[in-house]
Amino acid sequence: MTPMRAMVIDDSRAMRMILKRIVTKLNFEAVEAGDGKEALDLVTSMAEVPELALIDWNMPNMNGLEFVTHVRADPRLREMTLVMVTTESEQSQIVRALAAGAHEYVIKPFTEGAMIEKLALLGLVPTGANS
Amino acid sequence: MSVEVEVNENDLAEMVEQVWESYLDPEGVSPLIPTYDENQASEVHSSVSITGSWTGYVVYASSTPAARRAAGAFLAMEPDEVSEEDLSDVLGELANIIGGNVKAMLPPGALLSLPQVVLAPEATARYPNTQRISGVYGMWDGEPVSISMWQSRGDNKEGAE
């Protein structure tokens, strides 16, 4: 069975590493990008579109919200599940991200368990993968 | 425009606890022990600025060994394997996470900057025309760590009008 792919997009290498550790543990193949622009260039050049993108909001060059907007405007990328992983935790920001096309929202700091539960909610990992 | 700041030491302490639980001490064996000493020394620090409905800085400062340990915890490395680039990256992310959560407690209209990291002691000169309004100060495995909020004096003046 072909493993699912996850794109981890964050300007912090440390945060990318934490997210990669989690998705790799869940049997995703992980690719990473340091900002929205790099992620968009990467995803549009990939033969197989990743099933999941974990996206920081505040990044240089292109922020996470802009990335989500670009992805949602591209029919080829419509199957990607987009999860914002960010410190932007005000209700108004969450609403903006969801309105732009993000599927879910995880607020930093998050525990590994909380992230896995969110991915289970999205049907990307089996319920109980956290136990 | 200015606001009554509603982020106090307890709020900051709660955020710090979440950061420790999530990244720095997931096993819960090595918490930050409060010292309440706002003058404790630091060797490195990172900050984010907040502008808009509140103007000021959120600063994470620590000794170099504590910063190495934090980077090691984030990156799953031994502290002595951590590079200067790793230190900067992790210190920046810590300021970003705590600053973002502080921002969420402020009235709408606040903007968060990207983090700045300085591998040198925290000094008030780096935050001109500000005053410290809140902070959490502690020891992490015997090493100093602090998280503090610095409000722009201009913000205060406007608030007094």
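We did not get these values from a lab; they are worked out from the coordinates using the rules stated. Quick caveat, the model's predicted, so the values are computed rather than measured. Cβ atoms come from the backbone with ideal geometry, glycine included; neighbour counts cover every protein chain shown.
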**Asked** What is the residue count in segment B:6-41 for residues that are closer than 18 Å to residue A:107 by Cα and hydroxyl-bearing (Ser, Thr, Tyr)?
**Response** 2
**Asked** Which residue, of B:78, B:17, B:38, is more than 14 Å from chain A (Cβ to nearest Cβ), without any contact (Cβ under 8 Å) to a residue 40 or more places away in the chain and either over 20 Å from residue A:13 (Cα atoms) or not basic (Lys, Arg) (or both)?
**Response** B:78
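Would you be able to say whether some residue in segment B:46-60 is without any contact (Cβ under 8 Å) to a residue 12 or more places away in the chain and either more than 16 Å from residue B:131 (Cα to Cα) or surrounded by 19 or more Cβ atoms within 10 Å (Cβ to Cβ) (or both)? Talk me through it step by step, then tell me what you get.
Of the residues in segment B:46-60, the ones without any contact (Cβ under 8 Å) to a residue 12 or more places away in the chain are none.
No, segment B:46-60 contains no residue that is without any contact (Cβ under 8 Å) to a residue 12 or more places away in the chain and either more than 16 Å from residue B:131 (Cα to Cα) or surrounded by 19 or more Cβ atoms within 10 Å (Cβ to Cβ) (or both).
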**Prompt:** Do the conditions hold for residue A:39, that is, is it more than 15 Å from residue A:105 (Cα to Cα), crowded, with 18+ Cβ neighbours inside 10 Å and away from every other protein chain (no Cβ under 14 Å)?
**Reply:** yes
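Taking helices (runs of 4 or more DSSP H) that do not extend beyond segment B:58-161, which have at least 3 residues that are within 23 Å of residue B:40 (Cβ to Cβ)?
On the way: elements: B:64-75, B:84-104, B:153-160.
So the answer is B:64-75, B:84-104.
Please enumerate the residues belonging to segment B:85-122 that are charged (D, E, K, R) and either more than 9 Å from every other protein chain (Cβ to nearest Cβ) or within 22 Å of residue B:65 (Cβ to Cβ) (or both). Lay out the reasoning, then the answer.
We begin by selecting, within segment B:85-122, every residue charged (D, E, K, R); these are B:85-86, B:89, B:93, B:103, B:122.
Selection gives B:85, B:86, B:89, B:93, B:122.
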**Item:** Residue in segment B:65-75 that is surrounded by the most Cβ atoms within 10 Å (Cβ to Cβ), counting only those that are closer than 14 Å to residue B:147 by Cβ and more than 10 Å from chain A (Cβ to nearest Cβ)
**Value:** B:67
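Considering only residues that are more than 8 Å from chain B (Cβ to nearest Cβ), in contact with a helix residue (DSSP H, G or I) (Cβ under 8 Å, 6 or more places away or on another chain) and without any contact (Cβ under 8 Å) to a residue 60 or more places away in the chain, which ones fall in segment A:85-106?
Going residue by residue through segment A:85-106, those that are more than 8 Å from chain B (Cβ to nearest Cβ) are A:85, A:91, A:93-106.
Applying the additional criterion that residues be in contact with a helix residue (DSSP H, G or I) (Cβ under 8 Å, 6 or more places away or on another chain) yields A:85, A:96-97, A:100-102, A:104-106.
The answer is A:96, A:97, A:100, A:101, A:102, A:104, A:105, A:106.
I need a count of the residues in segment B:20-31 that are within 14 Å of chain A (Cβ to nearest Cβ) and either aliphatic (A, V, I, L, M) or not in a loop (DSSP other than H, G, I, E, B) (or both). Working first, answer last.
Here is the first cut: in segment B:20-31, the ones within 14 Å of chain A (Cβ to nearest Cβ) are B:20-28.
Of the ones still in play, those that are also either aliphatic (A, V, I, L, M) or not in a loop (DSSP other than H, G, I, E, B) (or both) are B:20-24.
Here the count works out to 5.
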